[in-house]
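Coordinate-derived values only; no laboratory data. Quantities reported herein were computed from a predicted structural model and do not represent experimental measurements. Cβ placement follows ideal geometry from the backbone for every residue including glycine, while neighbour counts extend to all protein chains displayed.
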Amino acid sequence: MKPCATCGIQPEEGATRCRLCESPLGEALAPMLVEGRYEVQSTLGRGQQGMVYLARDLGLGRLVALKVLHAAGAGVPAGASRLQREAAALAAVRSDHVAQVYAFGAHQETFFLAMEYVEGRNLDALVAEHAAHKEYIPTHRGLTILRQLAEGLTCLHAAGIVHRDVKPSNVMIEQGTGRTVLLDLGLARSLVQPVDPRLSFVGTPAYMAPEAILGEDASQIAGHTDVYSLACTAFELFTGEPPFSFGTIPETLAHQMWDAPPRLSSRRPELAFLDPVIERALSKDPNARYQTCAELIAAVDEVCAAWPRLQRSGDVDTLTEAPSLRLMVIDDDEVFSEFAAGACALALPGIALDLVCASSGLEALQSAARSRPDVVVLDYDMPLLDGLETLSYLRAMPGGHGSQVMLVSSNMRHLPKWRFAAMGVTDFLEKPVDLEEFADTLGEVAGRAFAHRSRFERARPT
């Protein structure tokens, strides 16, 4: 097999993810260069309209996701020009929660899009993994993911783009940050030119709005269409399965068209407060739904206000350029906190550390609301708010997906690492911690923090 494109290590035969960095290995390919710049390294996915490759941008030295349309679709009259217009609109979208488009161009007899490559795991896999453990993604974390998806879709809609295929498998949770990123940006409509719109529809049956299934009036496909799909995705995020999913595609489409959706509370009674919001978002009549994702999230925030544990911090977090690294140690063990504080100073020589030690999750969140940490050393076993809950609230804060986290625990064997995957955590240390191992891990985490800060600064408008 071909070495991992991210770290270069040789994988084991038959492996699908790198054993060192957990990057997807994809399918090894013969050498292929697109536009003399993008060196294709492996296959990430394939569909009816095209292929998605992992490629390296030789000019900038970064990995990209390269979408290459099948030649048959690219040759349809006017298809390429519509794709180019949509690519230009997508390139203007600036959101942390939408995969960025870098370039559009011709390749042999077809066309390609170079897009941001988001390393991580998709929401579909995370939901399935929680279900396999007979667990749900924590409610607070699920609400944060829902808000970030809605934010990304709002930016797309502002650019005049309807995604039309919002579903868990098109949502990535970024490794290291927990950032929620919307992928596969609805370009399918530019790949074909149907003769009769009633003979074609775009989307995935379990997440399709009734007007998308009918396909009789293109003007009916608008932001409210994505609201429906987002509600189906939210239903699966909270319950482990979509509201409508049956044995065959015709059955699923029929239920989407005519059946009232089940209530969230029928699967999870504790989520009854969300019932009216999801029920309205899943209305069969497009005009009865929330017309925008912003309206949906405003409704979610309103009902969450009655549940104090789900209220979001009202403090505004502003990132400013600073020469120091803000580092937070969250642990109720004073001895370990002192050890960690000293080890941080030793591990990062030459870096001005703004170090904060918090003895509880609540104290940490109060401090983070004033100034978000770049790096967090987080204990798992703490009273009131454990490490999982604390991190969930931190990720929900403005800019909270930028904090790089290393988690420590004295009971690593029983630590539910799979639950932390939903928040992008991949670095774990067991107490008692070896100083050299702590320093090495912290160095890697701090490096990612500086890289994230640099990316954020480049993305800020000047």
A correct fewest-to-most ranking of THR292, THR43, THR225 by other Cβ atoms within 10 Å would be THR43, THR292, THR225
Ratio Rg/Rh, restricted to region 325-459 and using Cα atoms, in which Rh is the Kirkwood radius: 0.92
At 0.36 nm per residue, minus the direct Cα-Cα distance, what do ALA254 and LEU33 gain on full extension? Give it in nm, one decimal, please. 75.1 nm
Proximal lysines to LYS167, defined as alpha-carbon separation beneath 30 angstrom and excluding residues fewer than eight positions away on the same chain: LYS67, LYS134, LYS284, LYS417
With label points set 7 Å from each Cα along the Cα-to-Cβ direction at ALA88 and LEU214, the distance between them in nm comes to 3.3
Assuming R0 = 30 Å, what is the FRET efficiency of ALA305 and LEU362, from their Cβ-Cβ distance, to the nearest 0.05? 0.95
Run the numbers for ASN287 and ARG62: contour at 0.36 nm per residue of separation, minus the present Cα-Cα distance, in nm. 76.6 nm
